[in-house]
Amino acid sequence: MIISRSEWESQERALQEEILGVDPNPDAGRINEYRLLMRVLRRPLLDPPPENLSERIVSHVRQPEDPGDRFEMRLQGGLVALLVAGVIWAGLELAGLGIRLGTRGYGLAVVWSFLVLAGYVVYRMFEHRQWKSDLARWEQRLPP
Amino acid sequence: MDTAKPRGPQSDRALVGAVLAHAPGAFEALVDRYQRLCWHIINRMVRHPEDTRDLCQETFLRVHRHLHQYRFESPLKSWVGQVAYSVALRYLERKQMSLVDISHCDAECTAPQLEGERFDLETASANDQLVAAIHAEIEALPPLQRTVLTLYHMDEMTVSEIASITGFAEGTIRSHLFRTRARLRARVLARIGEPR
């Protein structure tokens, strides 16, 4: 939709008049209609932030990082890197350029088995992390 | 409202420096300063108080972890707003909720000219039913339009600041503002039931 300059100016004038508290001109129908809208928009129905939001945020941020989580993240990173390497290896094998590293005749089967296994482990780890995060959220929502 | 107060870059710089130096109370001050902005952005996007609270926590966790990457290229308010917006956006993507209504509204948005006609502003704004109806129309807007309206009208942010937070071009934000306000006006008039 193309912005009509006069309509945009009516909207902005209505906003300014509303901010400045200018007495409405009863003959300015369109401006007054927009002023009603601006009045409501400046007082929207918002859920108020909880009173202890700031404390909750700070305590959440200050929670010490679980060493298990750190290990899990590093392991996950390592597996993802291995997956990428495996895909490259499989590509080279398919192109007939691969160094078979003693897996002559079984190269692709070994690579694909590894990829399926590593993919499954990474998926389960992501799922586990999601479950832990959901559990933590659920626990936070319990009344003290 | 704290988020609308002008804050100089020096004050942002001092606050960021204090947080990075682990000065006591510095991070708390940062949270106090920007929690309302964070709440407004996320609440307007997700409209669920408990999820908003969780996502605000996630926002400030990210701010805390990545504050060393902040280069003062934009005001800290915009940077924190960007983080809050991206956290809310990811939530909407996970829930497969549409961010913006891309339908055209030329016919709906273009209400006839009313020049010369009278509209009693005070009577209309005292009409609780009408005001409630406008609130309902605002609540029914898609997340992006709702958020842009709140940031522009309630938090008194500029089009440029909103563009910086959402990553949209200024023209796109202006277009959303224009179109949404025109559409709301048309719907208000339809509610009033005047033959216009």
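Throughout, read-outs are computed from the coordinates displayed, never taken from laboratory work. All figures in this text were calculated on a predicted structure; none of them were measured in a lab. In this analysis, Cβ positions are derived from the backbone assuming ideal geometry, glycine residues included, and neighbour counts consider all displayed protein chains.
For the pair B:Glu93 and B:Ala29, label points projected 7 Å from Cα toward Cβ lie 3.5 nm apart. Applying 1/(1 + (r/R0)^6) with R0 = 51 Å to the Cβ-Cβ distance of A:Leu115 and B:Ala14 gives a FRET efficiency near 0.50.
Using a Förster radius of 35 Å, what is the FRET efficiency between A:Leu92 and B:Ser175 based on their Cβ-Cβ separation? Nearest 0.05, please. Plugging the Cβ-Cβ distance into 1/(1 + (r/R0)^6) gives 0.10.
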